[in-house]
């Protein structure tokens, strides 16, 4: 259940212009029309007993505990299902009600094990509380009759157990699975006395359950119970913080015993997640105390040397002296740094500041380079700001949802649940994706159009959609006339109307029948509020930036920017991708997306930091690799990134890392990059530090320290100390002071402070004098750049082509239970669901190659070869294969190429020509990887 | 820096801006993009490479042209 610190109003909040006033136990209360009597009572400070009601689920009216008396009405209506009406006089306490409630409780308790003292819910059990509230003092029915006191506990799920003997069949779990999560995995099986909760005809682990935890939160007893609570007991306090997994940025209560986390519970007041969670944030936090955690700084001269444990002072002094030695020998631009989207805003700000002020160059980049850098480029060029236009709540007002190159149910599951709820309410869905992702057809959700395009043809499809809209006169001319740059629009219009951009002309390239494209275009343009959500299936292409601009074109063309329910919504991969970009992590931009060539901006930072700022852009991550191999880049400070696993063309990356004379890795684990390092600085997890993350909707949320850093320092403190060792002291006592500096230097952050975050809960930037409480929806009256700019987005086929030798296209992505390079989730029990990356391929391609389910297959590309087990599935189109990249020994990126987006160098992970053949053994690369990895682990243990 | 990779990157940028029918805007787009996003050593390496190609072509100019 929810944290016992959080009050429960019993039924959901209602929003209405119409207010009704009523009396409850003589107290006058006014509520929006549609509010239940139970919730009105809550607002009046009156608590009505309840069991089946909870304020995140619609009322059900089954437990009969919340009965009330209403003047002028017969009987005893359930307060949860009775709407408040004007003039009502409600009595919640009377002798009759007390007797009825006591009798009901007596029936519940007569069929419930009386083991409260040893029950894991002891101290946080609604059934126990209600027995006390109604004054139950005896159970007259004995235990001889038929009952449910004998049953088998289902412990199959690694994180929670299901004990049917404690179940009161209130159906809260079933309703949570349906209403909140939208998975429909649970049901009430049987009727009458035989009724029982069941995850289908199987156990929880093998069921459709996605382990989001909504049912466990909803359970008012110990029936569904976190195993961590069973093992550790109830928490003694809780701290509100922000999840460190995906870009949804869910707010959680870390429930603690001293400095030990016993449970993470989604925060009901969380403005991004509204009390929901997924298997990663809710349960997969054990990595923070995993035995693999690095706890001591270490150094070595060569990567073939054993590691030597040293003091922080020695490690930092060594790193600083090496960086300075390299700069003296190879020049000021021979070193750089990489900030992390897994670290806080304050930490990424400090790393880029260290590079610019202490290194004296702009060689700083971030992992957004390999995910959403095209979003930054494309949205700035068209709309004027490098960020999504909406808040997540906006989806509630969408009539048409277009999902392009994203798989929200796996990669952004909490937002996906929200989206699915809107789709169940009637919004219509268009999916543009080569794979039949889960959203295409789910319980009560079905895409009206699934444009299953060939990988690499996103911009062609988007051009075709725009062509239809213009050709058929469906464009919002009034909106364009008022809000967009007209000469640019006219130029674009001439381009888009060219016959080459028609769906008929492009269907051979895209593989999508023209009539489907026309249908989807008509729906998007005329279906009401239309919102686009997109992911890395858009950006990680040679035309990633072009496609982002084509998306913005489409939204402007139909007037779908600037109000709730519409917009352009990039679903960011990591928790702080937006924030790390905002903080000036790109080599060409200072914080707030201001180019380094801008003299006024440079002067602002020079004055504040006391050093000159280099006016030339620095190296991007792929350029750093090339320069390293070329010999002009020799030192790198990497905070919280694993470029050796996550970046494409692994052999090229490892060659570059091997060329370094000083690689400093700051991480919580010995990741793949750290195996090439000369200095290891132990990092701190999100539980060990204060700071902020900024999610995909530009929402800045507090991260709060709940335990001391395992190695003694938070990451921001390490950067401060490294800077000091380099001779550029930084003076901060707390991350709030870093945020104050960010606010002083960044126009979109001027109103942000820890004090205001504390007061408002979270803030969506821009937050300044014009918008002191933040900006949920951008571009409302005008675009940030003034007039919206249509950009000509010519479709250019990727140079990565299939051939006789490489006849299939490989595309890569994520799975629900694992997260990116898996450094965190592989060190939790999430491996139960996904302990190895698999190659998904269509039955036709499998049969042609004599491949059966589970066979080892070799995947060969122009870059390299790896081997995985096969998973045969009709989710794939013939000719297209798919894998994830969560396990380093899979070598997914051994196969991917160094093709990249023309504008940003974002790698083209999504299109690699490959051949797949049966094999019996790992690839040569995998053998070499294993040997190298074993050697490095041995060097660590010496 | 690998000159072939730099040439490919520059050509990819040029391909995008080629869609612009205005020649001046097209050229400004290409050069502006390279200037705003490329580290100076990359620009230098590209131009060194282009200079060497032009030099080679100039040296061989006579042999490359058809005989009158």
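Computed from the coordinates by the stated procedures, all read-outs in this text should not be read as laboratory data. Everything numeric in this text was worked out from a predicted model, so none of it was measured. Every residue, glycine as well, gets a Cβ built from its backbone with ideal geometry; the counts of neighbours run over all protein chains shown.
Worth pointing out:
- If the chain linking residue A:141 and residue A:116 were pulled fully straight, counting 0.36 nm for each residue of separation and taking away their Cα-Cα distance, it would gain 7.1 nm.
- Considering helices alone, the calculated mean residue ellipticity of the protein assembly as shown at 222 nm is -9500 deg cm²/dmol, with DSSP H runs of length four and up weighted by -39500 (n - 2.57) and normalised per residue.
- Packing here is the average count of other Cβ atoms within 10 Å per residue, and on that basis the peptides A:257-270, A:149-162, highest first, run A:257-270, A:149-162.
- Counting neighbouring beta carbons within 10 Å and listing from fewest to most, the residues A:461, B:34, A:437 come out as B:34, A:437, A:461.
- For region B:3-62, averaging the sequence separation of C-alpha pairs within contact (under 8 Å, six or more residues apart) and dividing by the residue count gives a relative contact order of 35 percent.
- Remark: relative contact order (region A:19-93) = 40 percent; criterion is Cα-Cα distance under 8 angstrom and separation of 6 or more residues.
- Cα-based shape type of the protein assembly as shown, given that a ≥ b ≥ c are square roots of the gyration tensor eigenvalues and the cut on a/c is 1.5: prolate
- Shape category assigned to region A:1-115 from the gyration tensor of Cα positions, a/c cut at 1.5: oblate
- Alpha-carbon centroids, region A:31-62 and region A:438-456: separation in whole Å: 38 Å
- Peptide A:614-624 has a mean shielding of 4, counted as Cβ atoms of other protein chains within 10 Å of each residue's Cβ.
- Sorting the segments A:567-578, A:693-704 by their residues' average number of neighbouring beta-carbon atoms within 10 angstrom, most packed first, yields A:567-578, A:693-704.
- Normalising the average separation of contacting C-alpha pairs (under 8 angstrom, six or more residues apart) by the number of residues puts the relative contact order of chain A at 13 percent.
- Counting only alpha carbon atoms, the long axis of helix A:735-745 and the longest principal axis of chain A meet at about 60°.
- Gyration tensor verdict on region A:808-941 (Cα atoms; rounded if a/c is under 1.5, prolate if a/b is larger than b/c, oblate otherwise): rounded
- Between region A:568-623 and region A:670-700, the C-alpha centres lie 19 angstrom from each other.
- Remark: mean inter-chain Cβ contacts per residue of A:787-796 equal 2, using a 10 Å Cβ-Cβ cutoff to other protein chain atoms.
- Stretch gain in nm, segment residue A:733-residue A:938, where the contour uses 0.36 nm per residue and the Cα spacing is subtracted: 70.0 nm
- Rounded to the nearest 10 degrees, the angle from helix A:621-630 to the longest Cα principal axis of chain A is 30 degrees.
- Rounded to 10°, Cα long-axis angle of helix A:715-725 versus longest principal axis of chain A: 30 degrees
- Remark: mean inter-chain Cβ contacts per residue of B:12-25 equal 4, using a 10 Å Cβ-Cβ cutoff to other protein chain atoms.
- Among A:119-128, A:902-911, the order from most to least packed when residues are scored by Cβ within 10 Å on average: A:902-911, A:119-128
- Taking region B:1-24 and a reference point 7 angstrom along Cα→Cβ of residue A:862, the backbone N atoms nearer than 20 Å belong to B:2-16.
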